[in-house]
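Enquirer: Structure provided below as structure tokens; questions to follow.
Laboratory data are not the source of any read-out in this text; all were calculated from the coordinates shown. Just so it is clear, the structure is predicted and the values come from calculations on it, not from any experiment. Cβ: placed from backbone, ideal geometry, glycine included. Neighbour counts: every protein chain shown.
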Amino acid sequence: MQSQDIVARSGTTTPSPSVRQTTEVAKLIDESKCIGCKACQVACMNWNDLRDDVGTNVGVYDNPQDLTPSSWTLMRFFEVETEKDKLEWLIRKDGCMHCAEPGCLQACPSPGAIVKYSNGIVDFISENCIGCGYCVTGCPFNVPRISKADNKAYKCSLCSDRVAVGQAPACVKTCPTGAISFGSKEDMSIYAEKRAGELRERGHKDAGVYDPKGVGGTHVMYVLKHADRPELVGLPKDPSVSTMVALWKGATKPIATALMGMAAFAGFLHYVMVGPKEVAEDEANENAKEQA
Amino acid sequence: MSDPKYIERYTPKERGNHWIVALCFILAALSGLSLFHPSLFFFSGLFGGGPWARILHPFIGVAMFLFFCITMARFWSLNKMTDADRTWMKSIKDVIMNREKDLPEIGKYNAGQKYMFWLMVTCMWLLIASGIMMWRPYFAASFPIDLVRVAVVVHAASAVVLVIGIIVHVYATIWVKGTLRAMMRGNVSAAWARHHHPGWYREVTGGNGGNTGGK
């Protein structure tokens, strides 16, 4: 990616280069078309040259158990009773949502360790990562993972390298059922609404699009069969960057920084305007006299 | 009785402990401030870059806390607030403007110093507790994320309060001449003691500081 494509940069208080405008992209994951084959996980490993440790079988399909520094996407399987006596097997491809207002980027203290490109992709620039884990604190979707080997944070890059040269992310390219599609955010939003409508016509009365406004919308969207209850598939209902994180990283920081500087300057002003407290030597003499 | 020119205020152990805590504070503050606001990130260069600042900061912080525990234990009872302290606090404006008339007699510490002590104690406890909750890679993962989110706010807020407190603490030493000597050499002049801490002066010179009968 060209540096001119970076529209937001962590640990930076001045505007990033913003003359270039590229089309906002989005990945759309259609839950109803997913068969849980994990081809996306394999493609992700393959393209990004990641090999996770071989895990252990704990009796469920989820493998690995969770996102890891080298598993950036993961099929999560849910057996849920959506209504009484109606069991459903729901599958969701988990990974970074590429928020328009990323909590990770807001929380990150290291200049340029997290960037947002003008196409909407949020990327970790690992060489600038200091390993503090603030991105984990900032993320409303529990996505970044810190490597035990190098203490750096990792997550899905939405294949920013592929997208930069006009290719779809590896997971999209490999999906055998067409459950994952990729294009402009606008096109994907229209397509998502269309798909949700089709699902509603076919009896999934609660089908809808997951593009949460609390984080300014996301560049990974879902068509969910139960959009009224995203928590069924482990998604937060109304995600937003925690108010604690907003309080921590918002206006309070520059104000507090200024306060600390002003405290030191107030001391200097006091010294030149009011002056020091000095005890005259003769006070000591008087002291001695008084005692005598 | 004899009136010594200088009176011991801090023992060598107290001085050593104070300056270890002070050094830890400076290092913890600089490395912490580097992650506090982007405009201060350059402080991380003093520690060998961002990752090193992140690695060293919590260890320095723990060292500061442990040595401060000694300070805390040693000075705890000397900093108990009295009614005289509360009266003294009412005239804080006069104290700041160097108008020192009709103030209640001050012992080893005045109310301002005592408040500073309790402020430091409070901040240190908040910092160590919240700091452990956000310490990666060792402890943060063991705490629920919502608690970590509270911890980062508590840590940043108590750090700011402590930094401002220390600025006041350091300035008070520059302001009140003859004070630095107490922590560098361990003693203060008799005139200083009698002027600023008459109650303590009387106590250490054998209950005959000149204030007992007259006033």
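Enquirer: Efficiency by 1/(1 + (r/R0)^6): what FRET value for residue B:73 and residue A:81, r their Cβ-Cβ distance, R0 = 35 Å, to the nearest 0.05? Before the final figure, lay out each step's value.
Expert: Details: r = 58 Å, r/R0 = 1.67.
After rounding, the FRET efficiency stands at 0.05.
Enquirer: Here's something else I'd like to know. As a test of understanding, state the convex hull volume per residue of segment B:62-118 from its alpha carbons, in Å³.
Expert: 87 Å³
Enquirer: Tally Lys/Arg at +1 and Asp/Glu at -1 over every other residue whose Cβ is under 14 Å from the Cβ of residue B:39; what's the total? It would help to have the intermediate numbers written out before the result.
Expert: Numbers: positive: A:249, A:253; negative: none.
For residues surrounding residue B:39, the net value is +2.
Enquirer: Would you mind classifying segment A:142-248 by shape? Square roots of the alpha carbon gyration tensor eigenvalues, ordered a ≥ b ≥ c; an a/c under 1.5 is rounded, otherwise it is prolate if a/b is larger than b/c and oblate if not. List each step's numbers first, then the result.
Expert: Numbers: a/c = 1.98, a/b = 1.23, b/c = 1.61.
Taking the square roots of the gyration eigenvalues as a ≥ b ≥ c, segment A:142-248 is oblate.
Enquirer: Cα-based Rg (one decimal) and Dmax (whole number) for the protein assembly as shown, in Å?
Expert: Rg, Dmax (Cα atoms, Å): 30.9, 106.
Enquirer: Tilt of helix A:39-48 relative to the longest C-alpha principal axis of chain A, in degrees (0 to 90, nearest 10)?
Expert: Orientation of helix A:39-48: about 50 degrees from the principal axis.
Enquirer: Can you give me the pair-distance distribution of segment B:131-203, C-alpha pairs, 5 Å bins, whole percents?
Expert: Bin by bin from 0 Å, the calculated values are 3, 14, 15, 13, 9, 8, 8, 9, 9, 8, 4, 0.
Enquirer: Please tell me the relative contact order of chain B in percent, rounded to the nearest whole number, where contacts are Cα pairs under 8 Å and at least six residues apart.
Expert: With pairs under 8 Å counted, the relative contact order is 27 percent.
Enquirer: Taking springs between alpha-carbon atoms closer than 10 angstrom, which of A:210, A:191, A:271 fluctuates most in the Gaussian network model of chain A?
Expert: Between A:210, A:191, A:271, it is A:271 that shows the largest mean-square fluctuation.
Enquirer: Across the residues of B:166-179, average count of Cβ atoms on other protein chains within 10 Å?
Expert: Taking all residues of B:166-179 together, the mean is 4.
Enquirer: Taking the Cα centre of segment A:1-89 as origin, work out the dipole magnitude from +1 charges on Lys and Arg Cβ and -1 charges on Asp and Glu Cβ, in debye rounded to 20.
Expert: Numbers: 9 positive and 14 negative charges, 89 e Å.
For segment A:1-89, the charge dipole is close to 420 debye.
Enquirer: If R₀ is 41 angstrom, what is the calculated FRET efficiency for the pair residue A:243 and residue A:4, using the beta carbon separation as r and rounding to 0.05? Walk me through the numbers before you get to the answer.
Expert: Numbers: r = 34 Å, r/R0 = 0.82.
In this case the efficiency is close to 0.75.
Enquirer: To continue, here is another question. Figure the gain on full extension for residue B:8 and residue B:173 (residue separation times 0.36 nm, minus the Cα-Cα span) and round it to one decimal in nm. Intermediate values should be presented prior to the final figure.
Expert: Numbers: separation 165, 0.36 × 165 = 59.40 nm, distance 1.70 nm.
Separation in residues times 0.36 nm, less the Cα-Cα distance, equals 57.7 nm.
Enquirer: If you average 1/r over every pair of different alpha-carbon atoms in segment B:1-99 and take one over that average, what Kirkwood value in Å do you get?
Expert: Numbers: mean 1/r = 0.0595 Å⁻¹.
This gives a value of 16.8 Å.
Enquirer: Rounding to the nearest 20 debye, state how big the charge dipole of segment A:1-158 is about its Cα centre with +1 on each Lys and Arg Cβ and -1 on each Asp and Glu Cβ.
Expert: Rounded to the nearest 20 debye, it is 360 debye.
Enquirer: Moving on. Sequence-distant or interchain residues sharing an amide H contact under 5 Å with residue B:176, placed H: which?
Expert: Answer set, sorted by chain and number: A:277.
Enquirer: Averaging sequence separations of C-alpha pairs under 8 Å and six or more residues apart, then dividing by the length of segment A:196-254, give the relative contact order as a whole percent.
Expert: 27 percent
Enquirer: While we're looking at this one, here's another question. Please find the FRET efficiency linking residue B:183 to residue B:143, where r is the Cβ-Cβ separation and R0 is fixed at 51 Å, and quote it to the nearest 0.05.
Expert: Once the sixth-power term is evaluated, E becomes 0.85.
Enquirer: What residues qualify as long-range amide H neighbours of residue B:135, i.e. H under 5 Å apart, gap of 5 or more or another chain, H built at 1.01 Å from N?
Expert: Amide H neighbours of residue B:135: B:140.
Enquirer: Hey, another quick one. Using the Cα centre as the reference, give the magnitude of the dipole from point charges on the C-beta atoms of the protein assembly as shown (Lys, Arg: +1; Asp, Glu: -1; all else neutral), rounded to the nearest 20 debye.
Expert: In total the dipole reaches around 660 debye.
Enquirer: What number, in percent, do you get for the relative contact order of segment A:3-247 if the mean sequence gap of Cα pairs under 8 Å and at least 6 apart is divided by its residue count?
Expert: Once divided by the residue count of segment A:3-247, the mean separation gives 26 percent.
Enquirer: Additional query: For segment A:3-247, which semi-axes, largest first and in whole Å, follow from the square roots of 5 times the eigenvalues of its Cα gyration tensor? The partial results should precede the final answer.
Expert: On the way: eigenvalues 159, 88, 64 Å².
Semi-axes, largest first: 28, 21, 18 Å.
Enquirer: Separate question: Comparing B:64, B:97, B:89, which has the greatest mean-square fluctuation in the GNM of chain B with Cα pairs linked when under 10 Å apart?
Expert: B:97
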